[in-house]
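A short write-up of the structure that comes next.
Where a number appears in this text, it was derived from the coordinates with a stated rule and is not lab data. Owing to the predicted nature of the structure, the values given are computational and were not obtained by experimental measurement. Methodologically, a virtual Cβ is constructed for each residue, glycine included, from the backbone with ideal geometry; neighbour enumeration extends over all protein chains shown.
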């Protein structure tokens, strides 16, 4: 058995004179599946769920002097979970997620000179399983330079 769901939401704000073009998007995809086998009186089941959210905002503003500014923000992730059972009892599980959240502002002056600001990104990575393995780490950057790394293994062995 498998199901797939998808959603998409978009919002626009556009000025008739072209001075503003803003767009916001939220999109999500989900997949869920369940399989089972029966042999020698034992029933093995495997459940799996996958999830992909995406959020994006793009804001563009043009000025009368010909300069303009463009601000972009995004958040994208991937998550998966697995569960195996034997005769209705859990035998193993695993979860994994990875998400990123970049931002950037582009500015162009009336002479066409380009500058940027607000360039930042963060990523979070998590993994857990029934063997006791565990990882949770967040990294961050600004202006193209790594600014922090926090976390790592969280296993209690």
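Taking a ≥ b ≥ c as the square roots of the Cα gyration tensor eigenvalues, with a/c under 1.5 meaning rounded and otherwise prolate when a/b beats b/c, else oblate, which class fits the stretch 93-157? In terms of gyration-tensor shape, prolate.
Kindly give Rg over Rh for the stretch 84-131, based on alpha-carbon atoms, with the Kirkwood expression for the hydrodynamic radius.
On the way: Rg = 22.2 Å, Rh = 14.9 Å.
Reported Rg/Rh (Cα atoms, Kirkwood Rh): 1.50.
If you plug the beta carbon distance of residue 111 and residue 146 into 1/(1 + (r/R0)^6) with R0 = 35 Å, you get a FRET efficiency near 0.60. Note on the stretch 4-152: semi-axes of the ellipsoid equivalent to its C-alpha gyration tensor, largest first and rounded to whole Å, are 45, 21, 6. With contacts taken as Cα pairs under 8 Å and at least 6 residues apart, the stretch 2-153 reaches a relative contact order of 15 percent.
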